[in-house]
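Participant: One structure, as structure tokens, below. Some questions next.
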Amino acid sequence: MSIVGLSAKFWTNIANSLLIHNRKILSNALENRGKGIPLITVTNHHSTMDEPLLWGILQPRQLINQCLMRWAIAAHNMCFWSKPISQFFAFGKSIPVNRGAGVYQEGVDFAIERLNEGHWVHIYPEGKVNEKKIDMRYKWGIGRLIAECNVNPIVIPIYHLGMDDIVPNTKPYFWFMRVPRVGKKLTVLIGDPIPYNDTLQDLRNKKASDLEIRKSLTDLIEKHLKALRINAEIYHAKHSSKW
């Protein structure tokens with residue numbers, strides 16, 4: 001993980017130009033949240049290299065801390081299709097899930113277990129690479145992750161632009177067959193933690209069904225993450241105009 005993380009740091013910070021807004025929000029959550037408090041981060045998904053390049057936004061001390069680093073939800077057909085590849089991603093703290101298999105599957109159960117141990121789990125709630133950047137409905141797995149934590153997790157939205165310029169969505173799609181481009185601009189906007197506690201408590205007081213809770217929480221996460229897009233686009237346009 002340290003090698004891959006530091007490589008991501010090179011490709012985003014040195015080979016390309018990275019602009020980050022509100023880095024302290026994520027750093028504070030990583031290093032200063034209370035013991036046993038889980039962390040969930042959610043981002044848009046524009047490139048097959050979002051994972052792991054996105055974590056070039058972290059500090060080297062964070063990238064080499066195995067206990068601090070994230071667990072990531074990963075598509076089984078993309079990251080676990082052969083034994084060597086599966087081992088690589090497993091060592092990278094990736095959790096395989098089967099697209100279309102619903103929210104009740106072993107990978108999601110495993111992610112909830114890690115959260116209940118106070119770890120950090122990252123998820124791309126669009127469920128796949130959104131090549132055309134269209135308005136997609138988020139998958140309800142994020143709602144289950146939040147609802148079934150023993151301690152309410154911190155949920156931080158992150159919106160990024162420019163990753164598909166560094167690694168375009170063209171064949172071959174597997175990231176390890178690609179060499180990232182250089183000289184491109186990457187913009188990352190980190191939002192404030194999403195305030196969902198009151199919504200969750202109201203749903204529980206009303207004895208809402210598990211399905212209703214998952215849907216309501218997912219809708220709220222979707223609203224807050226997508227709300228970052230306009231400002232991210234403004235920051236990215238300014239970033240891209242600079243030489």
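Read-outs throughout are calculated quantities, based only on the coordinates presented, and are distinct from any laboratory measurement. Everything quoted here is computed from the prediction, not taken from an experiment. Note that each Cβ is placed from the backbone with ideal geometry, even for glycine, and that neighbours are counted across all protein chains shown.
Participant: Within the stretch 220-232, can you find the residues that are surrounded by 15 or more Cβ atoms within 10 Å (Cβ to Cβ) and in a helix (DSSP H, G or I)?
Facilitator: Initially, the stretch 220-232 is screened for residues surrounded by 15 or more Cβ atoms within 10 Å (Cβ to Cβ), giving 220-222, 224-226, 228-229, 232.
Matches in the stretch 220-232: L220, I221, E222, H224, L225, K226, R229, A232.
Participant: Within the stretch 200-218, restricting attention to residues that are in contact (Cβ under 8 Å) with a residue 40 or more places away in the chain and not aliphatic (A, V, I, L, M), which residue is farthest from I156 (Cα to Cα)?
Facilitator: Looking at residues that are in contact (Cβ under 8 Å) with a residue 40 or more places away in the chain and not aliphatic (A, V, I, L, M), I get D210.
Participant: Cβ-Cβ distance below 9 Å, separation of 6 or more or different chains: which pairs start in the stretch 63-77 with a residue that is farther than 19 Å from Y124 by Cα and end on one that is of a type in the set (K, R) and part of a loop (DSSP other than H, G, I, E, B)?
Facilitator: Pairs found: Q66/K93.
Participant: Okay, moving on. Please specify each residue of the stretch 25-48 satisfying the condition of being in a loop (DSSP other than H, G, I, E, B), closer than 22 Å to T187 by Cβ and either β-branched (V, I, T) or free of Cβ contacts under 8 Å to residues at least 60 places away in the same chain (or both). Walk me through how you get there before you give the answer.
Facilitator: Taking the stretch 25-48 as the starting set, the residues that turn out to be in a loop (DSSP other than H, G, I, E, B) are 33-38, 44-48.
Pick out the ones that are also closer than 22 Å to T187 by Cβ and you get 44-48.
Result: T48, single match.
Yes/no matrix, rows are residues, columns are (1) of a type in the set (G, A, S); (2) more than 18 Å from the chain's Cα centre (by Cα); (3) at positive phi; (4) surrounded by fewer than 20 Cβ atoms within 10 Å (Cβ to Cβ):
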| position | (1), (2), (3), (4) |
| --- | --- |
| Q105 | no, yes, no, yes |
| A111 | yes, no, no, no |
| V121 | no, no, no, no |
| G127 | yes, no, yes, no |
| K133 | no, no, yes, yes |
| M136 | no, no, no, yes |
| K139 | no, no, no, no |
| L145 | no, no, no, no |
| E148 | no, yes, no, yes |
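Participant: Starting from the stretch 7-18, take each residue that is more than 15 Å from D165 (Cα to Cα) and list its partners that are surrounded by fewer than 15 Cβ atoms within 10 Å (Cβ to Cβ), counting only C-beta distances under 7 angstrom and pairs at least six apart or across chains.
Facilitator: Sorted first by the residue in the stretch 7-18, then by its partner, the pairs are K9/P60.
Participant: Assess whether K139 counts as being touching an Asp or Glu at 6+ places or on another chain (Cβ under 8 Å), touching a residue at least 40 places away in the same chain (Cβ under 8 Å) and assigned to a loop (DSSP other than H, G, I, E, B).
Facilitator: Details: touching an Asp or Glu at 6+ places or on another chain (Cβ under 8 Å): yes; touching a residue at least 40 places away in the same chain (Cβ under 8 Å): yes; assigned to a loop (DSSP other than H, G, I, E, B): yes.
Yes, satisfied.
Participant: Here's something else I'd like to know. Mind listing whichever residues of the stretch 93-119 are in contact with a strand residue (DSSP E or B) (Cβ under 7 Å, 6 or more places away or on another chain), outside any helix (DSSP H, G or I) and small (G, A, S)?
Facilitator: Narrowing the stretch 93-119 to residues in contact with a strand residue (DSSP E or B) (Cβ under 7 Å, 6 or more places away or on another chain): 93-97, 99, 105, 107-108, 110-111, 114-115, 119.
Checking the rest, the ones that are also outside any helix (DSSP H, G or I) come to 93-97, 99, 105, 119.
S94, the sole residue that qualifies.
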